[in-house]
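Each reported figure results from applying straightforward, stated rules to the coordinates on display, with no laboratory input. The model shown is predicted, which means the values in this text are computed figures rather than measured ones. No Cβ is skipped: glycine too gets one built from the backbone with ideal geometry, and neighbour counts run over all protein chains shown.
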Amino acid sequence: MAVTENLTPSLSADQFPPMEFPRRTERLRKMMSEASWDGLVVTNLTNIRYLTGFTGSAGILLVTAEELVFVSDGRYRDQAAAEIQATGIECRIEIVAADPDGCIAEAAKLAGVTSVGLEAQTVTWAAQRRWQSELFTTGEIAATNGVVEELRLIKDAGEAARIRAACAIADEALLQIRPRLGDGPTEIEFGLELDSRMRELGAADLSFETIVASGPNGAKPHHRPSSRRIVEGDLVVIDFGALIDGYHSDMTRTVAVGDVGDERRNMLDVVLASQQAGVDAVRPGIAAAEVDAACRKVIVDAGLGEAFLHSTGHGVGLDIHEEPRVSTRSTATLRPGHVVTVEPGVYLPELGGVRIEDTLLVTEGGCDRLTLAPKNPALV
Ligand code: ZN
Ligand code: ZN
């Protein structure tokens, strides 16, 4: 029996607008010309993917004013060549059996680099010491923070299209599976069905481990699906997403199974109003902290401030959690091309939890909601 005949193949890159890879290096070089280092060593694999298209698990990249040098090992000889060539960037590929850092350091010296920036968030202390005492004794080493991440904040049309497609798969999967909540599945059973449906609809993978938190389990924002059976009177928090060509979606809906009583209905009303206030606030020029404040105010005014246990949202892209953060302490200002979530929630041990989350693309005129599944909590 050929079960796979009914499956949609995973969506592939050529179904989307192209991503502007050459432009990314261009923007990076512009930033570099204003920095105090003239070579950047990229070790964060997500940043490498962003700049070169390489999706493997081992590689290191040198960016100078004149060239890009990518070093990996033999396992990735063919994949690196194919993926990097497909982006249209100019990049020299070196395949080495050992010591990629040493190879990159040599390339930097040959290129006349006098100071290299290392990514402070991913370079280990041991590696940094080696760069300083052994690999690059002829020049300066500088710690850099969030340089490529800064570029990644603004999504190009190709990136936005991939995130939108991932969101659409999550919408459709939930639409199809949601009625199953009334059949008394366990959290694990429901989560598995949702995950399988996303794969069947073309997701390359899950965005992250799906959260299905029913009844009292809902009071834990990051509960893992358990063998608890979903029953009448439960609130069920479902937080999940699909992955398309490296790009994530992120959505939460809370469903009321049958009559959940006045207190839980109030929680739903408050979080729905809070989430709407957040979505309404998202536009270019607004401080991310103000979006957080807009959501928080509704929950605080309802007397549930203590039950809102986390920040309002985060950026979404090649990482499921990336900049800009949408929190009380965020210093970010939203700009067109940012993709952020708005996901307030309240969690009460005796009643359960409610969280509603959308992924939003900031546009010139406001924002475009990418997660479109209905927010009406009623199951039927
Ligand atoms: Zn989520
Ligand atoms: Zn989220």
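Going by how many other Cβ atoms sit within 10 Å of their own, how do Cys167, Cys91 line up, fewest first? Write down the numbers at each step before the final one.
Values: Cys167 30, Cys91 21.
By the 10 Å Cβ count, ascending: Cys91, Cys167.
Between 0 and 90 degrees, rounded to the nearest ten: what's the tilt of helix 21-33 against the longest Cα principal axis of the chain?
Around 70 degrees separate the two axes.
Could you work out [θ]222 nm for the chain from helices alone, using -39500 (n - 2.57) per DSSP H run of at least four and dividing by all its residues? Round to the nearest 500 deg cm²/dmol. Please report the intermediate quantities before stating the final value.
Numbers: 10 runs with 125 residues, N = 380.
Roughly -10500 deg cm²/dmol at 222 nm, from the helical runs in the chain.
Work out the charge dipole of the stretch 152-309 with +1 on the Cβ of Lys and Arg and -1 on the Cβ of Asp and Glu about the Cα centre, then indicate which of Val255, Val212, Gly285 is farthest towards its positive end.
Gly285
Hey, what did the chain get for relative contact order, percent, Cα under 8 Å, at least 6 apart? Display every interim value, and only then the final one.
On the way: 840 pairs, mean separation 57.0, N = 380.
Across the chain, relative contact order equals 15 percent.
Give me the Debye-computed log₁₀ of I(q)/I(0) at q = 0.06, 0.10, 0.11, 0.15 Å⁻¹ for the chain, equal point scatterers on Cα only, no solvent, two decimals.
-0.27, -0.71, -0.83, -1.23
Relative to the compact-globule scaling 2.2 N^0.38 Å, provide the ratio for the alpha-carbon radius of gyration of the stretch 220-364. Can you show the working numbers first?
On the way: Rg = 15.3 Å, N = 145, 2.2 N^0.38 = 14.6 Å.
The value comes to 1.05.
Treating the beta-carbon of each Lys and Arg as +1 and of each Asp and Glu as -1, no other charges, what is the dipole magnitude of the chain about its Cα centre, to the nearest 20 debye? Please list the in-between numbers first.
Details: 36 positive and 56 negative charges, 62 e Å.
Using only the charged Cβ atoms, the result is roughly 300 debye.
Given the C-alpha centroids of the stretch 146-218 and the stretch 253-280, what is the distance between them in whole angstrom?
20 Å
Select from Met19, Ala242, Leu268 the residue farthest towards the positive end of the dipole of the chain; place +1 on Cβ of Lys and Arg, -1 on Cβ of Asp and Glu, and compute about the Cα centre.
Leu268
Could you line up Tyr76, Tyr247 from fewest to most neighbouring Cβ atoms inside 10 Å? Numbers along the way, then the final one.
Values: Tyr76 21, Tyr247 29.
Sorted ascending by nearby Cβ count, the order is Tyr76, Tyr247.
In whole Hz, with x marking every Gly and Pro, tabulate ³J(HN,Hα) for the stretch 53-62 from phi via Karplus 6.51 cos²θ - 1.76 cosθ + 1.60, θ = phi - 60°.
In residue order, the calculated couplings are x, 6, 10, x, 9, 9, x, 8, 10, 10 Hz.
Of Gly345, Leu45, Ala98, which is farthest along the charge dipole of the chain in the positive direction, counting Lys and Arg as +1 and Asp and Glu as -1 at C-beta?
Among Gly345, Leu45, Ala98, the one farthest towards the positive end of the dipole of the chain is Gly345.
Kindly give Rg over Rh for the stretch 21-152, based on alpha-carbon atoms, with the Kirkwood expression for the hydrodynamic radius.
Values: Rg = 13.5 Å, Rh = 14.6 Å.
In the stretch 21-152, Rg relative to Rh is 0.92.
Which angle between 0 and 90 degrees, to the nearest 10, do you get for helix 157-177 versus the longest principal axis of the chain when only C-alpha atoms count?
Around 30 degrees separate the two axes.
Per-residue HN-Hα couplings for the stretch 178-193, Karplus 6.51 cos²θ - 1.76 cosθ + 1.60 at θ = phi - 60°, whole Hz, x for Gly and Pro?
In residue order, the calculated couplings are 3, x, 4, 4, x, 8, x, x, 6, 4, 5, 4, 5, x, 5, 5 Hz.
How much net charge surrounds Cys91 when only other residues with a Cβ under 14 Å from its Cβ are counted (Lys, Arg +1; Asp, Glu -1)? Each step should come with its number before you reach the end.
Values: positive: Arg24, Arg29, Arg49, Arg92; negative: Glu26, Glu66, Glu67, Glu83, Glu90, Glu94.
Neighbour charge sum, excluding Cys91 itself: -2.
Grab the beta carbon distance between Glu306 and Glu209, set R0 = 25 Å, and tell me the FRET efficiency rounded to 0.05.
Details: r = 27 Å, r/R0 = 1.10.
For Glu306 and Glu209, the calculated efficiency is 0.35.
Suppose every K and R has +1 on its Cβ and every D and E has -1 on its Cβ; what is the size of the dipole of the stretch 157-369 about the Cα centre, in Debye to the nearest 20? Write down the numbers at each step before the final one.
On the way: 21 positive and 34 negative charges, 39 e Å.
Magnitude of the dipole: close to 180 debye.
Per residue of the stretch 124-132, what does 6.51 cos²θ - 1.76 cosθ + 1.60 with θ = phi - 60° give for ³J(HN,Hα)? Whole Hz please, x for Gly and Pro, Karplus curve as stated.
After applying 6.51 cos²θ - 1.76 cosθ + 1.60, I find 6, 4, 4, 5, 4, 5, 5, 4, 6 Hz.
Only four residue types carry charge here, +1 at the Cβ of Lys and Arg and -1 at the Cβ of Asp and Glu. Report the dipole size of the stretch 161-284 about the Cα centre in Debye, rounded to the nearest 20.
Numbers: 14 positive and 20 negative charges, 39 e Å.
I would put it at about 180 debye.
As an exercise, identify the GluC sites (Glu not before Pro) in the stretch 324-380 lying in DSSP coil whose Cβ has no more than 15 other Cβ atoms within 10 Å.
Working: sites: Glu350, Glu357, Glu364; in loops: Glu350, Glu364.
When the GluC sites (Glu not before Pro) of the stretch 324-380 are filtered for loop state and at most 15 Cβ neighbours within 10 Å, Glu350, Glu364 remain.
I'd like the antiparallel share, as a percent to the nearest 5, of DSSP beta bridges with both residues in the stretch 21-152. Working shown, then result.
Working: 8 of 20 bridges.
Percentage antiparallel, nearest 5: 40.
Among DSSP beta bridges whose residues both lie in the chain, state the antiparallel percentage, nearest 5. Could you put the intermediate results ahead of the total?
On the way: 39 of 52 bridges.
If we restrict to bridges inside the chain, about 75 percent are antiparallel.
When only DSSP loop residues count, what GluC sites (Glu not before Pro) in the stretch 212-295 have their Cβ near at most 13 other Cβ atoms within 10 Å? Don't skip to the answer; put the middle values down first.
Working: sites: Glu232, Glu263, Glu290; in loops: Glu232.
Those that pass, being in a loop and sparsely packed, are Glu232.
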